[in-house]
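Undergrad: One structure follows; several queries about it will come next.
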Amino acid sequence: MSEKIPKYITTTLPYVNASPHMGHALEFVQADTLARFWRLQDEDVFFNMGVDEHGQKVSRKADEEGVSRQNYVDKYASEVKELKSALNLSYDNFIRTTDTAHKEAAQEMWRRCDAAGDIYKKKYTGLYCVGCEAFKIDTDLVEGKCPDHKTEPEGVEEENYFFRLSKYQTFLEEFLSKEGSVLPNWRRQEALKFVQGGLEDLSISREKSRMDWGVEVPGDDNHVMYVWFDALTNYISTLGWPKDFEGKFSKFWEQGETLQLAGKDQVRFQVVIWQAMLKSVNLKATDTIFIHGFINSEGHKMSKSLGNVIDPYELVKKYGTDATRYIMLRHVHPVDDSDLTWEKMDEVYTANLVNGLGNLTARIMKMAETHLESPVTVTDKTTMDAEALKHYQFQAVMDGIWAAIGAMDEYIAENEPFKVIKTEPEQAKEMIVKLVKDLQEIAESLVVFMPQTAETILQAIKENKKPENLFARLEK
RNA sequence: CGCGGGGUAGAGGAGAGGCACCUCGGGAGGCUCAUAACCUCCAGACCCCGGUUCGAUUCCGGGCCCCGCAACCA
């Protein structure tokens, strides 16, 4: 007798200084697929998404555009939220770091870290570039000058609060020595090496005179929190921590299994800093942190100057929601970097969705509609067998589905039910029933990946009717 | 010796100690239920040099070549 363990899954909050990009879309779709998979197994699931809204970049951008900070972040928050319908995301809560409850949680996190003796004040001497309005470190500089402004940064001294990250070195080494804490394994080892190299304490505040768009530091009117310290707390503030009126925090974080998804640029923050913060306030570490790669295009990082940027909204517009999910899950590697181009996406869309799944559905359902007197009775399945999904192998599961699709096309070509129907109708009908049942299996296994498409196919089977084309052919 | 990832048919990708798979492309047939779709067959590949092994493209060492990261840039 084993009780089901509640499952918590969260994406990393995108920072709202730019519109959501492909990397975000990938992470959201991966998370959504897992959340749907668990729900299908009747697990209790909490799926978190949101936006990180404080910090210098946001305040500067808002100022440049001449809008209030709040208006600025509102605009981007709604952009990210729109992905919910564009990508059919089933998140349970959308947290914003400007939410009052979140800010209070961040302040409570600060107080508890402070109470644990992990926060102290120290003079920080840094090289400050006036043009960037930011501190620079040596490695940022080219020949002692800011690469963006070609000026020498000034030595500036300011008092900051610091978090004793160094104190958690041993704890983090233990955390990272645990198989499965960070996936894939080589990322865990990479992070372990990094921690073993020594940790420095972390500046976690900014003087308001320099930057005031942040959560106020408790008990000090002159400082706001460094954006990271505030933002990381979202993973538990979204569950109602610290008050936990609804018991979600205790159910999903303390008693549940927690999973964070993050990009490879996030390892330091999610794996090192956040885990140290949790330890500081005596909370459970994240059970698993799954790190995905980046999506490049034409062999390079996407960038405006190269003109190779692919925007997730454009994808949805061109191919549709489910096809976009399909591309993210099957043609982007779950953990390694991947390369996408419009040419390649057109290719896989046409080959596998239009000619593959779409066409197969049409030919089977046309035969069923024409030759079967009544719909094939189907029983709704409530579970899904996909061991590989538990190991985040989205591609592998989908490869299996498409292998089955190929096998069905072969079956039709070999057995020719459309021909047999003229001479041996009963035998042909049996074949068609078998095909419809196989198609149902395909649809069932697609539910978590391509929910709408799966639904359309199942509906067609129930009505014994050939549906409209699942995927429109691209115009030449 | 800073850390790490990788080099698979014409192209783009998976993969794994023992028939090297998928998509596109090329060549030859077939079928007509289907969205000018589908099926079959053919040509075509595991960077180089060592080692371990009965056997390596897959493990180990070296070489050459690509590519990320190098801490507060969220």
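The numbers here are math on the coordinates, done by the rules we state, and not lab data. Keep in mind the model is a prediction, meaning the values are calculated, not measured. For neighbour counting, all protein chains shown are included, and Cβ atoms are generated from backbone atoms with ideal geometry for every residue, glycine included.
Undergrad: Which residues, counting only those in the range A:401-415, are more than 9 Å from RNA strand B (Cβ to nearest atom) and touching a residue at least 24 places away in the same chain (Cβ under 8 Å)? So that I can check it myself, show each step before the final result.
TA: So the first thing to find is which residues in the range A:401-415 are more than 9 Å from RNA strand B (Cβ to nearest atom), and the list is A:401, A:404, A:415.
Of everything in the range A:401-415, those that are more than 9 Å from RNA strand B (Cβ to nearest atom) and touching a residue at least 24 places away in the same chain (Cβ under 8 Å) turn out to be A:I401, A:A404.
Undergrad: Which of (1) crowded, with 17+ Cβ neighbours inside 10 Å; (2) within 12 Å of RNA strand B (Cβ to nearest atom); (3) at negative phi does A:Y392 not meet, given it meets every other one?
TA: (3)
Undergrad: Picking from A:A472, A:A454, which residue would you name as being under 28 Å from the mean Cα position of the chain (by Cα) and more than 9 Å from RNA strand B (Cβ to nearest atom)? Break it down into steps so the answer makes sense when it comes.
TA: On the way: A:A472 fails: more than 9 Å from RNA strand B (Cβ to nearest atom).
Going through A:A472, A:A454 in turn, just one is under 28 Å from the mean Cα position of the chain (by Cα) and more than 9 Å from RNA strand B (Cβ to nearest atom): A:A454.
Undergrad: Taking the range A:417-426 on its own, how many of its residues are more than 6 Å from RNA strand B (Cβ to nearest atom) and surrounded by 13 or more Cβ atoms within 10 Å (Cβ to Cβ)?
TA: Going through the range A:417-426, the residues more than 6 Å from RNA strand B (Cβ to nearest atom) turn out to be A:417, A:420-426.
The next check asks that each one be surrounded by 13 or more Cβ atoms within 10 Å (Cβ to Cβ); those that pass are A:417, A:420-421, A:424.
The qualifying residues number 4.
Undergrad: Return the total of residues in the range A:15-24 being surrounded by 20 or more Cβ atoms within 10 Å (Cβ to Cβ) and over 12 Å from A:L261 (Cα atoms).
TA: 3
Undergrad: I would also like to ask the following. Within the range A:1-8, does at least one residue satisfy the condition of being crowded, with 17+ Cβ neighbours inside 10 Å and over 14 Å from the mean Cα position of the chain (by Cα)? Full working, then the answer.
TA: Pass one, the range A:1-8, residues crowded, with 17+ Cβ neighbours inside 10 Å: A:6-8.
If we keep only those that are over 14 Å from the mean Cα position of the chain (by Cα) as well, we get A:6-7.
Yes, some residue in the range A:1-8 is crowded, with 17+ Cβ neighbours inside 10 Å and over 14 Å from the mean Cα position of the chain (by Cα).
Undergrad: Kindly indicate the residue of the range A:25-53 that is in a strand (DSSP E or B) and within 14 Å of A:L259 (Cα to Cα) and also nearest to RNA strand B (Cβ to nearest atom) among those meeting that condition. Quick ask: steps written out before the conclusion?
TA: Restricting attention to the range A:25-53, the residues satisfying the condition of being in a strand (DSSP E or B) are A:45-52.
Retained after the next criterion (residues that are within 14 Å of A:L259 (Cα to Cα)): A:45-49.
On the way: A:V45: 23, A:F46: 20, A:F47: 17, A:N48: 13, A:M49: 11 Å.
Going through the qualifying residues, I end up with A:M49.
Undergrad: I'm checking my understanding of the structure. Among residues of the range A:284-302 that are crowded, with 18+ Cβ neighbours inside 10 Å and small (G, A, S), which one is farthest from RNA strand B (Cβ to nearest atom)?
TA: A:A285
Undergrad: Of all residues in the range A:81-106, how many are over 14 Å from the mean Cα position of the chain (by Cα), assigned to a helix (DSSP H, G or I) and farther than 18 Å from A:F449 by Cα?
TA: Residues that pass the stated criteria total 8.
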